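One structure is given here, and the rest of the page talks about it.
The values are calculated or read from the model by the stated rules, or taken from the named source; none is laboratory data. In this text the structure is predicted, and so the values were computed from the model without any measurement. All Cβ positions, even for glycine, are placed from backbone atoms using ideal geometry, and neighbour counts span all protein chains on display. Keep in mind that these areas ignore ligands, DNA and RNA; they rest on the heavy atoms of the full protein, side chains included. Shrake-Rupley method; radii C 1.70, N 1.55, O 1.52, S 1.80 Å.
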Amino acid sequence: MRVKLAQASAWQKVLYKKQKYPDNYVDQSFLDELRKNHGVQTYSYKTLVNASTVITQQLSSVAIFIAMHLYMKDHSVSAQTLWLIMSTLSVIGYIANFILNNSAGQRLSFTLFVKHLKTSLLFQGCSAALSPVLVSLTETISTDTIYTMTTSMLLANLLLFNYDTSHDAVPGAMSFSAAIFSSVCLASRLHTPWHAFTTVTSAFELFALWPSLRKNIKEKYPMIHQCVTVVIVLLCMACLGSKTLVGAVIYCALVLLITFACTALFHFLQSLKNNISGPWDEAVIHSSSVLMAEHSTS
């Protein structure tokens with residue numbers, strides 16, 4: 001009888017039962033459910049380096065855009081030639097994207113192709129019509145202010161870019177808007193409407209079309225994605241090095257910092273993670289439980 005009374009008076013971790021213990025009382029079994037780093041996913045250094053290539057490619061897009069402006073500013077390459085090169089690469093990228101979508105079972109219909117063609121022609125036509133206005137848009141603003149605004153917008157493009165390649169909204173509205181704003185600023189410091197037209201259209205191709213193609217390549221052919229990253233980095237170093245050695249060195253340092261140093265630091269910090277979980281955590285309703293409850297009620 002005494003054993004039954006002792007068992008009945010033992011503390012229980014329930015709220016619906018009135019007990020003789022204070023509300024904040026716990027016994028020695030309370031910490032039996034303590035878990036450290038439960039559900040925390042750790043990544044290998046190779047995985048982190050591969051994931052950082054998304055940031056490296058976006059940084060390379062900004063570097064290519066700056067190099068194109070430098071080439072047009074000192075007349076090293078004509079605006080018509082750059083426009084032809086970018087347009088040819090866009091057509092090749094569209095065909096590659098078409099092949100990638102077909103391999104994934106997403107057929108491109110003729111109606112969708114006509115829609116894309118109309119959108120492209122409409123954008124090219126609007127850009128050509130507004131180019132004379134863009135050249136003289138910021139004549140009353142100092143060049144230092146324009147370059148400061150351009151730098152700020154390109155940094156915003158890098159910070160606000162949607163690096164989650166599993167998400168459909170690539171590259172992201174805020175990031176793309178910042179890139180277009182920077183292209184308008186740079187276009188106003190060039191010589192002819194052709195230069196402004198090439199700057200705006202190239203920004204659209206680099207910051208809107210190219211990220212979508214990168215996303216498909218990364219999802220379907222990861223090895224090709226890594227090779228493309230190496231080629232783009234070498235191309236950027238060559239383009240920047242031919243115009244500004246300081247810019248090439250800064251770009252190379254940023255690539256090494258992002259790809260190797262930051263990933264190594266993140267890999268090291270994983271070992272220091274000490275996340276504890278236990279009975280004091282808030283309850284989490286799983287979606288499967290919700291679906292079963294809805295199914296049972298229906």
- Message: Leaving out ligands, DNA and RNA, and with a 1.4 Å probe, what % of the accessible surface on the chain is carbon or sulfur?
- Response: 68 percent
- Item | Crossing angle, helix 287-297 versus the chain [Cα axis fit, 0-90 degrees, rounded to tens] | 60 degrees
- Query: Counting Lys and Arg as +1 and Asp and Glu as -1, each charge on the Cβ, what is the dipole of the chain about the Cα centre in debye, to the nearest 20?
  - Reply: 740 debye
- Item | Pairwise label distance in nanometres, Thr244 with Tyr45, each label 7 Å out on the Cα-Cβ vector | 3.3 nm
- Where the centroid of each part is defined by its Cα atoms, how far is region 57-88 from region 249-275 in Å? 30 Å
- Item | Label corresponding to Cα extents along the principal axes in Å when calculated from the structure given, among (i) 100, 49, 42; (ii) 48, 44, 44; (iii) 50, 46, 37 | (i)
- Query: Using θ = phi - 60° and the Karplus curve 6.51 cos²θ - 1.76 cosθ + 1.60, what whole-Hz ³J(HN,Hα) does each residue of region 125-136 get, with Gly and Pro shown as x?
  - Reply: x, 5, 5, 5, 5, 8, 4, x, 6, 5, 4, 10
- Using just the helices of the chain, give the 222 nm mean residue ellipticity in deg cm²/dmol: DSSP H runs with n ≥ 4 each add -39,500 (n - 2.57), and the total is spread over all residues, rounded to 500. -22000 deg cm²/dmol
- Task: Could you work out how far helix 143-160 tilts from the main Cα principal axis of the chain, as a 0 to 90 degree angle to the nearest 10?
- Result: 40 degrees
- Note on the structure: accessible surface per residue for region 45-271, probe 1.4 Å, DNA/RNA/ligands not counted, whole Å² -> 54 Å²
- the chain: angle of helix 173-187 to the longest principal axis, Cα-based, in degrees nearest 10: 20 degrees
- Tensor-based shape of region 160-268 (alpha-carbon gyration tensor, a/c under 1.5 rounded, otherwise prolate or oblate): oblate
